[in-house]
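For reference, the structure discussed in these notes is given below.
Derivation of every value follows stated rules applied to the coordinates shown; laboratory data play no part. Everything quoted here is computed from the prediction, not taken from an experiment. Cβ atoms come from the backbone with ideal geometry, glycine included; neighbour counts cover every protein chain shown.
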Amino acid sequence: MASKLAGQAWRGHLAKCLTMALEVLLACRALNLGRSWWPIASQVATLANFYLTTWEEFHTGTLYLGYFSGPVEGIILVVGLYIITGIFGTSTWDRPIADFIPAVLGVRSIIGELPLNDAFMVLGGVGLVGNIVASYRNVLKSCRKNNESALTPLVRLIPFVVSTVLHLLWLAAPLAPSAHLTSNPVSPVDSTVDPHKGFTTVQVAPGKDLLLHTAAFVPFLCMWGLHFAHQVGRMILAHVTHQPFPMFNAGWIWAAVSLVDAWSWKLFGRAPILHSNPLLFILISLGASFLAYGRFCTAVINDITNYLGIACFTVRKKDEHGEWKDAVKKEE
């Protein structure tokens, strides 16, 4: 049991949540989507799929693979995406999907100039909806079988919604005062917020003053993945140990304080304090998230291994009194 839980905590959730964040970046770059809201939508979709799978297992006791499973169909789809991008280049995905369909079918009049990359994201959204329906159907079946309320599982989706809303609002924070927005930025370099420049000199285009458009974008997604790993890890722990479902996560406090500070220009009419250097603060947040999650995993592993008298990272044996001790490396 200890090795199973340790594997779920370290290899399973930490690795998956981090690789999901990185895979979102790689796939969106291959699709030529750039630093936009599409990668964020993709991040939300992948995390939602993971949360729903764990939520479903918590209520049914069975780990199901959805109709569109990330580790199976998702990987195959992404590999195909990389192959096509490697052969034809990223600009291929900007072409309208109607260019690849015979004109006689009249598809262009229906979908217009919808590009391939946007269509790809819509396809992923359809797959997510299918998984949501399948997961809830399995949970509903289990609730009816055990004579439990069908509303309780839905309430337990609230933690994911809260976490997602907090991170989206944080990412959408305008980091430049309205007086510094201009439709004619001095240069393309100044069309997005540069965390190394003072706010008094930044001239940005409207809509480009968000945290989303800073160099903190990549570490922010990794930090979000770690917050999510902690949240899902606690759900798995509650499931294995038959504890109450975790409805609150302390990481929300950090996120809430951070987003209020990030919105300082709009809320208080002054420059942010924590986000005076957005990149530095997000890197600090990333480090804090890693330490918090590492502490959680270490505490869980130590509690279980100490209770069972075994070790996760060392070898132990019983002494003459029957007590578990660290094994000596070499007999004297």
Quick check: net charge around Glu23, other residues with Cβ under 15 Å of its Cβ, Lys/Arg +1 and Asp/Glu -1?
+1
Across region 154-169, in residue order, what do the Karplus-derived ³J(HN,Hα) couplings come to in whole Hz, using 6.51 cos²θ - 1.76 cosθ + 1.60 with θ = phi - 60° and x for Gly and Pro?
5, 4, 6, 8, 4, x, 5, 5, 4, 4, 5, 4, 4, 6, 5, 5
Ranked list, fewest to most other Cβ atoms within 10 Å of each Cβ, for Phe248, Phe58:
Phe248, Phe58
Calculate one ³J(HN,Hα) per residue across region 285-292 by plugging θ = phi - 60° into the Karplus curve 6.51 cos²θ - 1.76 cosθ + 1.60, and present them in order as whole Hz with x for glycine and proline.
5, 4, x, 5, 5, 5, 5, 5
Residue by residue through region 140-145, what is 3J(HN,Hα) from phi via Karplus (6.51 cos²θ - 1.76 cosθ + 1.60, θ = phi - 60°)? Round to whole Hz and write x for glycine and proline.
4, 4, 5, 5, 5, 5
Which of His239, His321, His230 comes first, and how do the rest follow, when ranked by fewest Cβ neighbours within 10 Å?
His321, His239, His230
Total charge of the residues flanking Tyr82 in space, meaning their Cβ is under 13 Å from its Cβ, with Lys and Arg +1 and Asp and Glu -1, is 0
For Val260, the net charge from surrounding residues (Cβ-Cβ under 15 Å; K, R +1; D, E -1) works out to +1
